[in-house]
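Here is the structure we will look at.
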Amino acid sequence: MKKATLYSLLILFTISSCNPLDENPKGLIASNNFYKTTEDADAAVIGIHNAINSSTHTLYNRLIQISTEMATDDYEAGPRARNAHVRALSNLTHDASNDRMIELWRQSYDGINRANIAIDNISNNPNLTTQKDKNLINEAKFLRAILYFNIVRWFGDVPLVLHETTTLSAAALNVTNTPETEVYAQIEKDLTDAEALPVVQPVGRITAGAAKSILSKVYLTEKKWPQAAQKSKEVIDTKVYDLFENFADVFNVATKNGKEHIWSAQFKGLTNWNGNMLASTAAPTSVPGIAGDQADALHKEGGLFEAFAENDKRKYITFAVEFVSPTDGKTYKVTPHFNKYFDPATPASPGQSSKNTPIIRFAEVLLIYAEAVNEQSGPTAEAYAAIDRVRNRAGIPLLSVTSPTLSKDDFREAVFEERRKELVYEYQRWFDLARRGPDYFVARLKAAGKTNAQPKHVHFPIPQRELDLNPNLKQVPAWR
């Protein structure tokens, strides 16, 4: 009942997305009446989690896939992708009127506002001073940081809002763009604060390891190589995390939230419809008894499936080329379908999959370390060792054996190719391509037959709706 109470009391506004309201503005400060106990504060932080990962098409329940990953060399809108805006993203013909951009912006700032409300109200309440309360503040800061980390990469200079909106004045609502460097500085600060979180937390909650891991990724994106290497090494050296011996266990229901999982989007099918929609949108439509949607598809011209060696243990966990019908028991051959989240327990309703989606896992931390060390010092023995832990688990030859004398440039490409294969369908590809810059992004997409790719596509356009509502908001320069 606490969550229901929270939602009835808090009026959450996205930045510059308010229509004229008749309500008494006093409703905006009703949250002050909510934060009485640590239980109340905990419910508020759970509300931030719910903003980014709950029902269909929330950020970490498919929205990132259909909004950004479609615009890469590895993915395309499947035959049953019905939304014209999604198909436009797949073809890189999208613009500022695209409704997926509106959702990215709206949901991100909704989560940020929820985090701001929680941080302000817990921090300023003299009755909320226990260690648990401090942990909740830092958890809210982590969630705010991950949301800003996403949108600064998508949109570049974005409004940096750090406190609850408590007035409907133009000054409060018509915020301006903040330079990327300032947004990143705040992300770093929030994550550094979140490093004080406990090493072990209840399932789905934020830990010190999650904060360090995401912070290492932030540093990597900023090309702060020494900091990225140091922070990822801190995670490795804790010995709290390790690779599963079997790659399949990363995506098994029975082993979710195991030793490799640092922070994941949590799903529990057949419970308030909180299943993993990626399972449904990648599942086939041609197999009796499997009610797939096939709205997300492999972009064949990109060559991702063929990039895997046949003996790579990841290949037929990442993809399925046949399914056994639960209706007639026959085996049906299909073109390669993404398979990481298909739950055999729910074939008639794949969207009720209980498989989690990793947001950051230990394999990625190893690859962050390998990349950062290489950029800082060249392909050292430590860099080779990190990437080889991932390759060894995959059952493919060690890079230190097959290519022991790579140049810095060649090692960088080896790490990127390993990221590509290790992290398929985990919301990573667009971010990786974009951070390499416009030339790299365009070259990779055009090589994959997506000839509409342009340098501006390393960002997405700020929704025109937001620009119309807010005269102080400026469009991404390349999209003007």
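The values are calculated or read from the model by the stated rules, or taken from the named source; none is laboratory data. From a predicted model like this one, the values you see are computed outputs, not experimental measurements. Virtual Cβ from ideal backbone geometry, glycine too; neighbours counted across all protein chains shown. Each accessible area value is taken on the protein alone, full model and side chains, heavy atoms only, with ligands, DNA and RNA left out. Shrake-Rupley method; radii C 1.70, N 1.55, O 1.52, S 1.80 Å.
What's the total number of residues in the range 78-102 that are in contact with a Ser or Thr (Cβ under 7 Å, 6 or more places away or on another chain) and surrounded by fewer than 20 Cβ atoms within 10 Å (Cβ to Cβ)?
Of the residues in the range 78-102, 1 are in contact with a Ser or Thr (Cβ under 7 Å, 6 or more places away or on another chain) and surrounded by fewer than 20 Cβ atoms within 10 Å (Cβ to Cβ).
From the list His85, His94, His57, pick out the single residue that is at pLDDT below 95 and not hydroxyl-bearing (Ser, Thr, Tyr).
On the way: His85 fails: at pLDDT below 95; His94 fails: at pLDDT below 95.
Matching residue, one of His85, His94, His57: His57.
What number of residues in the range 426-480 are within 27 Å of Tyr109 (Cβ to Cβ) and aliphatic (A, V, I, L, M)?
Residues flagged as within 27 Å of Tyr109 (Cβ to Cβ) and aliphatic (A, V, I, L, M) within the range 426-480 amount to 9.
Just checking, does the range 313-325 include any residue being more than 30 Å from Ala71 (Cβ to Cβ), free of Cβ contacts under 8 Å to residues at least 60 places away in the same chain and of a type in the set (Asp, Glu)?
The answer is no, given that none of the residues of the range 313-325 is more than 30 Å from Ala71 (Cβ to Cβ), free of Cβ contacts under 8 Å to residues at least 60 places away in the same chain and of a type in the set (Asp, Glu).
Read through the list (1) among the polar types (S, T, N, Q); (2) in contact with a Ser or Thr (Cβ under 8 Å, 6 or more places away or on another chain); (3) open to solvent by 20 Å² or more (accessible area, probe 1.4 Å), then give the number of the only condition that Gln376 fails.
The single condition Gln376 does not satisfy is (2).
I'm trying to understand the selection: among the residues of the range 103-125, which are among the hydroxyl-bearing types (Ser, Thr, Tyr) and open to solvent by 40 Å² or more (accessible area, probe 1.4 Å)?
Residues of the range 103-125 that are among the hydroxyl-bearing types (Ser, Thr, Tyr), as a first pass: 108-109, 123.
Ser123 - this is the single residue of the range 103-125 that is among the hydroxyl-bearing types (Ser, Thr, Tyr) and open to solvent by 40 Å² or more (accessible area, probe 1.4 Å).
Would you point out the residue of the range 387-403, among those that are of a type outside the set (Val, Ile, Thr) and out of contact with any Leu (no Cβ under 9 Å at 6 or more places or on another chain), that is nearest to Gln266 (Cα to Cα)?
Just the residues of the range 387-403 that are of a type outside the set (Val, Ile, Thr), to begin with: 388-389, 391-395, 397-400, 403.
If we keep only those that are out of contact with any Leu (no Cβ under 9 Å at 6 or more places or on another chain) too, we end up with 394-395, 397-398, 400, 403.
On the way: Ala394: 25, Gly395: 28, Pro397: 33, Leu398: 33, Ser400: 36, Ser403: 38 Å.
Out of the qualifying residues, it is Ala394.
Considering every residue within the range 214-224, establish whether at least one is in a helix (DSSP H, G or I), open to solvent by 60 Å² or more (accessible area, probe 1.4 Å) and of a type in the set (Lys, Arg).
Filtering the range 214-224 down to residues in a helix (DSSP H, G or I) leaves 214-221.
Now restrict to residues that are open to solvent by 60 Å² or more (accessible area, probe 1.4 Å): none.
Scanning the range 214-224, I find no residue that is in a helix (DSSP H, G or I), open to solvent by 60 Å² or more (accessible area, probe 1.4 Å) and of a type in the set (Lys, Arg), so the answer is no.
So if I check each of Asp242, Asp249, which one is in contact with a Gly (Cβ under 9 Å, 6 or more places away or on another chain), open to solvent by 10 Å² or more (accessible area, probe 1.4 Å), more than 24 Å from Lys132 (Cβ to Cβ) and at pLDDT 95 or above? Talk me through it step by step, then tell me what you get.
On the way: Asp242 fails: in contact with a Gly (Cβ under 9 Å, 6 or more places away or on another chain).
Result of the check over Asp242, Asp249: Asp249.
Of the conditions (1) open to solvent by 40 Å² or more (accessible area, probe 1.4 Å); (2) assigned to a strand (DSSP E or B), Ile359 fails just one. Which one is it?
Going through the list (1) open to solvent by 40 Å² or more (accessible area, probe 1.4 Å); (2) assigned to a strand (DSSP E or B), Ile359 breaks only (1).
Of the residues Lys223, Lys217, Lys259, only one is touching a helix residue (DSSP H, G or I) at 6+ places or on another chain (Cβ under 8 Å), of a type in the set (Lys, Arg), on the phi > 0 side of the Ramachandran plot and in contact (Cβ under 8 Å) with a residue 40 or more places away in the chain; which? It would help to see each step written out before you state the result.
Working: Lys217 fails: on the phi > 0 side of the Ramachandran plot; Lys259 fails: on the phi > 0 side of the Ramachandran plot.
None of the others qualify; the one that does is Lys223.
I'd like the residue in the range 258-293 that is assigned to a strand (DSSP E or B) and not hydrophobic (A, V, I, L, M, F, W, C) and, out of all such residues, is nearest to the chain's Cα centre (by Cα). Walk me through it before giving the result.
Residues of the range 258-293 assigned to a strand (DSSP E or B): 261-265, 268, 274.
Now narrow it down to the ones that are not hydrophobic (A, V, I, L, M, F, W, C): 261, 264, 268, 274.
Details: His261: 14, Ser264: 9, Lys268: 18, Asn274: 17 Å.
Restricting to residues being assigned to a strand (DSSP E or B) and not hydrophobic (A, V, I, L, M, F, W, C), the top hit is Ser264.
Give me the pairs: first residue in the range 366-391 and on the phi > 0 side of the Ramachandran plot, second residue polar (S, T, N, Q), beta-carbon distance under 9 Å, and six or more apart or on different chains, which are they?
Gly378/Ser407
The rows are residues; the columns are (1) assigned to a helix (DSSP H, G or I); (2) open to solvent by less than 50 Å² (accessible area, probe 1.4 Å); (3) in contact (Cβ under 8 Å) with a residue 60 or more places away in the chain.
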residue	(1), (2), (3)
Thr405	no, no, no
Glu413	yes, no, no
Phe416	yes, yes, no
Lys421	yes, yes, yes
Tyr427	no, yes, yes
Phe431	yes, yes, yes
Arg444	yes, no, yes
Lys456	yes, no, no
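Any residue at all in the range 226-236 that's in contact (Cβ under 8 Å) with a residue 24 or more places away in the chain, open to solvent by 50 Å² or more (accessible area, probe 1.4 Å) and among the aliphatic types (A, V, I, L, M)?
Within the range 226-236, none of the residues are in contact (Cβ under 8 Å) with a residue 24 or more places away in the chain, open to solvent by 50 Å² or more (accessible area, probe 1.4 Å) and among the aliphatic types (A, V, I, L, M).
If you take the residues of the range 458-469 that are under 22 Å from Ser90 (Cα atoms) and surrounded by 17 or more Cβ atoms within 10 Å (Cβ to Cβ), which of them is farthest from the chain's Cα centre (by Cα)?
Narrowing the range 458-469 to residues under 22 Å from Ser90 (Cα atoms): 458-465.
If we keep only those that are surrounded by 17 or more Cβ atoms within 10 Å (Cβ to Cβ) as well, we get 458-463, 465.
Working: Val458: 17, His459: 16, Phe460: 16, Pro461: 19, Ile462: 19, Pro463: 20, Arg465: 24 Å.
For the range 458-469, the residue satisfying everything is Arg465.
Which of the residues spanning the range 163-213 are among the aliphatic types (A, V, I, L, M), part of a helix (DSSP H, G or I) and loosely packed, with under 15 Cβ neighbours inside 10 Å? Break it down stepwise before answering.
Step one: filter the range 163-213 for residues among the aliphatic types (A, V, I, L, M), giving 168, 170-173, 175, 183, 185, 187, 191, 194, 196-197, 199-200, 203, 206, 208, 210-211.
With part of a helix (DSSP H, G or I) added as a condition, the list becomes 170-173, 183, 185, 187, 191, 194, 208, 210-211.
Across the range 163-213, the qualifying residues are Ala170, Ala171, Ala185.
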